[in-house]
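Any read-out appearing in this document is the output of simple, stated calculations on the displayed coordinates, not a laboratory observation. In this text the structure is predicted, and so the values were computed from the model without any measurement. Positions of Cβ are backbone-derived with ideal geometry, glycine not excepted, and every protein chain shown enters the neighbour counts.
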Amino acid sequence: MDEPAEIGRRVLQMRSTAGLTQRQLAEPAYTSAYISTLEAGKVRPSEKALRFLARRLGTSYEELTTGRPAHLATELRLALTEAQRELATGTTERAVVHYRRTLAEAVRLELVPEQAEALLGLGDCALESGELDLARAHFEASEKLLAQEPLPRRARPIRGRAVAHLLAGELRYACYLLESTIEELNTSGLADPEALVLLYAAVIGPYIDMGAHARAAHAAELALALAPKVDNPTLVAGMHRQVARTFLAEGRVADADAALADAQSVYRQLRLRTDLAHCHWMRGYVQAQNGELALAEVELRTARDILRAKGAALYTAQVEVELADVLRRLGHHAQAGELLAKLVDLSEGHGAVHAGGAHRLLGLICEERGEAERAEEHYVKALALLERSGASGDLADLCRLLGDLLRRSGRTEAALDVYRTGLGHRASPGTTTLGPAPTAPRLPTM
């Protein structure tokens with residue numbers, strides 16, 4: 001909103017053009033004296049007064065308060081919708097072009113909400129292409145623009161920053177960002193259901209990667225309880241996709257697959273290709289855990305092909321780690337090895353968790369081929385990557401593999417040290433790296 005003096009001049013100009021006296025403009029809600037004071041710039045009018053005057057003057061509230069015709073903001077929002085559609089159904093590269101063009105126009109027109117939205121979109125594009133530093137910068141810029149807005153309005157850029165840190169293997173910091181925001185929402189009276197579902201769904205992944213399964217299950221329970229209050233079908237579908245991970249961790253394979261099928265249906269109807277690919281990815285993972293390897297391979301290849309066509313390089317690489325594991329279990333070691341050979345550098349600017357996973361799989365393949373020394377090398381590299389990221393559950397399993405290898409080679413003391421390291425990560429999942437769980441929202445009782 002412009003300063004009172006500028007708004008006053010605008011009201012005077014529009015009133016004169018319309019041929020209205022101060023009394024005619026003011027009645028019946030205000031007085032001519034109030035209009036005179038307002039036109040002189042001596043009072044800051046309320047939103048209610050400005051909306052009344054805009055109707056009387058035959059203009060929009062936005063044009064009266066900023067001097068910009070309302071159609072400019074509308075056209076910009078339409079451009080943002082087109083950019084969002086391109087990101088969801090087209091390619092990341094074309095979406096970036098749309099978002100950059102829209103951001104430049106929003107900056108020119110000084111439309112802050114549209115600037116923030118364009119930066120969010122650019123952050124999402126950078127996540128897909130694996131440019132995590134750039135993604136963080138975009139999300140931080142969006143959050144800064146919204147600094148004076150209520151916390152629920154800032155939930156999306158905060159969640160974006162957390163995802164960027166998660167993909168970079170910085171699990172603890174991702175949890176900190178999400179948990180502190182959830183805590184503030186639940187204790188400040190700003191417990192917006194949509195913002196909370198977004199944040200609870202986002203925190204499930206790092207919880208599971210850190211071995212904090214009980215906390216992940218609790219976050220899923222709260223998200224499911226809040227879901228009926230959310231009107232955004234895409235957000236609810238994304239929540240079900242994450243909740244499926246907690247079902248799987250609890251051994252509830254049928255429930256996990258059902259949740260993914262529900263999410264998949266929504267994404268297919270809305271033609272949201274990246275989200276649909278994530279559902280194929282998760283269903284492939286569920287089927288692999290259930291021993292249905294042939295079905296898992298089909299789902300993972302489908303996910304990989306969708307993401308590759310979109311240019312989502314980082315997500316494509318992450319799916320290929322899962323696909324390589326399925327191929328290894330099917331006995332296709334050469335195909336698995338070819339995939340993994342190009343994935344071991346994921347840690348460079350990307351994620352230590354998946355790079356560690358690639359080294360772990362290469363170690364297993366080497367073991368199955370009788371190449372113990374090479375297997376040990378890969379396990380040690382995986383261990384270093386996973387320790388850096390704090391992925392406790394994966395670390396415990398890796399320590400078991402490395403310990404078994406060392407024991408079979410006669411290095412009993414070294415094996416015991418590795419086993420102890422693994423037991424340390426198993427002891428109290430999540431409690432060594434995370435503080436108290438955030439306060440739960442007050443849910444309505446039935």
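Remark: the range 199-207, residue by residue, has Karplus-estimated 3J(HN,Hα) of 6, 4, 5, 5, 7, 4, x, x, 4 Hz, where x stands for each Gly or Pro and the curve is 6.51 cos²θ - 1.76 cosθ + 1.60 at θ = phi - 60°. Considering only alpha-carbon pairs that sit under 8 angstrom and 6 or more positions apart, the relative contact order computed for the range 292-335 is 43 percent.
Dipole orientation for the chain: of the candidates 162, 358, 122, 122 has the Cα lying most toward the positive pole (charges on Cβ; Lys, Arg +1; Asp, Glu -1). Compared with the dominant principal axis of the Cα atoms in the chain, helix 4-18 is inclined by about 60°. Remark on the range 156-291: ratio of C-alpha radius of gyration to 2.2 N^0.38 Å is 1.00. May I ask for the Rg/Rh ratio of the range 4-67, computed from Cα atoms with Rh as the Kirkwood radius, given to two decimals? Ratio of gyration radius to Kirkwood radius for the range 4-67: 0.90.
Summarising the overall dimensions of the range 47-186 from its C-alpha atoms, the Rg and Dmax are 17.3, 57 angstrom. Remark: the chain carries a charge dipole of roughly 1100 debye about the Cα centre, counting +1 on each Lys and Arg Cβ and -1 on each Asp and Glu Cβ.
Scan (1) 4, 18, 26, 21, 13, 8, 5, 3, 1, 0; (2) 5, 23, 34, 26, 10, 2, 0; (3) 4, 21, 31, 26, 14, 4, 0, 0 for the value of P(r) over Cα pairs in 10 Å bins from 0, in percent calculated from this model and give just the label. The calculated read-out lines up with (1). Relative contact order of the range 4-67: 41 percent, from C-alpha pairs under 8 Å at least 6 residues apart in sequence.
Quick one: check the C-alpha center-to-center distance for the range 166-204 versus the range 209-247, whole angstrom. About 12 Å separates the Cα centre of the range 166-204 from the one of the range 209-247.
Relative to the longest principal axis of the Cα atoms of the chain, the long axis of helix 352-368 lies at roughly 20 degrees. Each peptide in 57-65, 410-418 was scored by the mean count of other Cβ atoms within 10 Å over its residues; highest first, the order is 57-65, 410-418. Neighbour counting of Cβ atoms within 10 Å sorts the residues 71, 280, 138, fewest neighbours leading, into 71, 280, 138.
With all projection directions averaged, the alpha carbon convex hull of the range 69-116 covers 3.0 nm².
Within the straight-line cut-off of under 18 Å between alpha carbons, the aspartates and glutamates reachable from residue 144 are 110, 114, 117, 124, 133, 184, sequence neighbours fewer than 8 places apart in one chain being disregarded. All other residues whose Cβ lies under 12 angstrom from that of residue 294 are scored, Lys and Arg at +1 and Asp and Glu at -1, for a net of -1.
Relative to the longest principal axis of the Cα atoms of the chain, the long axis of helix 293-310 makes an angle of roughly 40 degrees.
Report note on the peptides 103-113, 204-214, 4-14, 322-332: ranked by the mean count of other C-beta atoms within 10 Å, highest first, their order is 204-214, 322-332, 4-14, 103-113.
Judged by the gyration tensor of its Cα atoms, with axes a ≥ b ≥ c, the range 193-269 is oblate; a/c meets the 1.5 cut and b/c is at least as large as a/b.
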